[in-house]
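Bear in mind that the values in this text are calculations on the coordinates, not laboratory data. Keep in mind that this is a model prediction, so the values were computed, not measured. Ideal geometry is used to build each Cβ from the backbone, glycine not excepted, and the neighbour counts take in all protein chains shown.
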Amino acid sequence: MTAPLSVQGIDFSYGHLQVLFGVSLHVDPCEALGLLGTNGAGKSTLLRVVAGLERPTAGTITLDGRDITGVPAEGLGAQGLVLVSGGRAVFTDMTIEENLQMQALAIRHQPALLQERRDKVLTKFPQLGRRLHQPAGRLSGGEQQQLALAKAILLDSRVLCIDELSLGLAPVVVGELMETVREINDEGVAVVIVEQSLNIAAQLCQRSIFLEKGEVRFEGRTADLLEQDDIARAVFFGAG
């Protein structure tokens, strides 16, 4: 069976500074894959490259077997790949309703489909439905993350990339968001999640990749990663 997402030999540089070196990974159907590493390891950059926000200097990216290398982000949502960016995935000066409308532009000419997906989103996040006309900037950090996930669901993604789900949020809020991600994954969406927290990755992902200085240092079961003392220390304490 074709992997929903495959990344092969990705290099990427910011000007003369290379930050990714031959990174390869794949995500199996219905899998949740953890992407771990210390600050500056290249995790978020890799997601930006995968999502079409940056263009790699080498390597290929395929989505359901189709080469999407270099396809800009605005062309990937309709193809089934969506990125939820850490801490900046909503338009704070727009209402919740306007955020959803902006996300749904690709299906605006299919009113029945749009209504079906909108109903699904508001069923999953009823608190958003009660506040549709409030600016997203008035939402708490956790509620903004809920809106970001709602926007991803609206596009009916095949692959959902999430950058720092837990960033700056209270543990109880993180727990609620994790449950939502599990539900999305259980519905058949492949998930790639960048996390600083090894504990969160272990709860969501059976398999993980560990990046260090732009290279893959570990790939395998997250449970096995927990037993790698040097890597675990790097994640928990930011060493290396």
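For the chain, what is the Kirkwood estimate of the hydrodynamic radius, computed as the reciprocal of the mean inverse distance between distinct Cα atoms, to one decimal in Å?
That comes to 18.2 Å for the chain.
Run lengths n ≥ 4 of DSSP H only: what is the helix-derived mean residue ellipticity at 222 nm for the chain, with -39500 (n - 2.57) per run over all residues, to the nearest 500?
Rounded to the nearest 500, it is -10000 deg cm²/dmol.
Viscosity 0.890 mPa s, temperature 25 °C: give me the Stokes-Einstein translational D for segment 162-216 in µm²/s, with Rh taken as the Kirkwood radius over C-alpha pairs.
It comes out at roughly 204 µm²/s.
Given points 7 Å out from each Cα along the Cα-Cβ axis, report the Asn199 to Arg138 separation in nanometres with one decimal.
3.4 nm
Using alpha-carbon pairs under 8 Å, 6+ residues apart, how would you state the relative contact order of segment 5-237 in percent?
Computed over segment 5-237, the figure is 29 percent.
Need the full-extension length gain, Thr60 to Glu183, defined as separation in residues times 0.36 nm minus the C-alpha distance. One decimal, nm.
Additional length available on full extension: 41.3 nm.
Given 0.36 nm per residue, what is the gain on full extension from Thr92 to Glu116 after removing their alpha carbon distance, in nm?
Length difference between fully extended and current span is 6.1 nm.
Could I have the simple spin-label model distance between Ser24 and Glu215, label points 7 Å from Cα toward Cβ, reported in nm to one decimal?
1.5 nm
Sort Ser140, Ser6, Ser24 so that the residue with the fewest other Cβ atoms within 10 Å of its own Cβ comes first and the one with the most comes last.
Lowest count first: Ser140, Ser24, Ser6.
Please list 3J(HN,Hα) in residue order for segment 16-32, calculated via the Karplus relation 6.51 cos²θ - 1.76 cosθ + 1.60 where θ = phi - 60°; whole Hz, with x for glycine and proline.
After applying 6.51 cos²θ - 1.76 cosθ + 1.60, I find 8, 9, 7, 10, 10, 10, x, 6, 10, 6, 9, 10, 6, x, 6, 8, 10 Hz.
Hey, which lysines would be in cross-link range of Lys151, C-alpha to C-alpha under 24 Å, not counting anything within fewer than 8 residues on its own chain?
Lys43, Lys120, Lys124
In whole angstrom, and with the biggest value first, how far do the Cα coordinates of segment 27-68 range along each principal axis?
31, 27, 15 Å, listed from the longest principal axis down.
Starting from the Kirkwood Rh over alpha-carbon pairs, what translational D in µm² s⁻¹ does segment 123-201 have by Stokes-Einstein at 20 °C and 1.002 mPa s?
163 µm²/s
Could you estimate the translational diffusion coefficient of segment 62-194 from the Stokes-Einstein equation, with Rh from the Kirkwood formula over C-alpha pairs, at 20 °C and 1.002 mPa s, in whole µm²/s?
Stokes-Einstein gives a translational diffusion coefficient of 142 µm²/s.
Please give the length that would be gained between Ala78 and Gln8 if that part of the chain were fully extended, namely 0.36 nm times their separation in residues minus their C-alpha to C-alpha distance (nm, one decimal).
Length gained between Ala78 and Gln8: 22.9 nm.
If you count the DSSP beta bridges with both ends in the chain, what percent of them are antiparallel, to the nearest 5?
If I count the DSSP bridges inside the chain, around 50 percent turn out antiparallel.
Please compute, over every Cα-Cα pair in segment 100-152, the percentage with a separation greater than 17 angstrom.
Value for segment 100-152 (Cα pairs over 17 Å): 33 percent.
Just the number: Rg to Rh for segment 1-119, Cα atoms, Kirkwood Rh, two decimals. Intermediate results must be reported in sequence, preceding the final value.
Working: Rg = 16.1 Å, Rh = 16.0 Å.
Radius of gyration over Kirkwood radius for segment 1-119 works out to 1.01.
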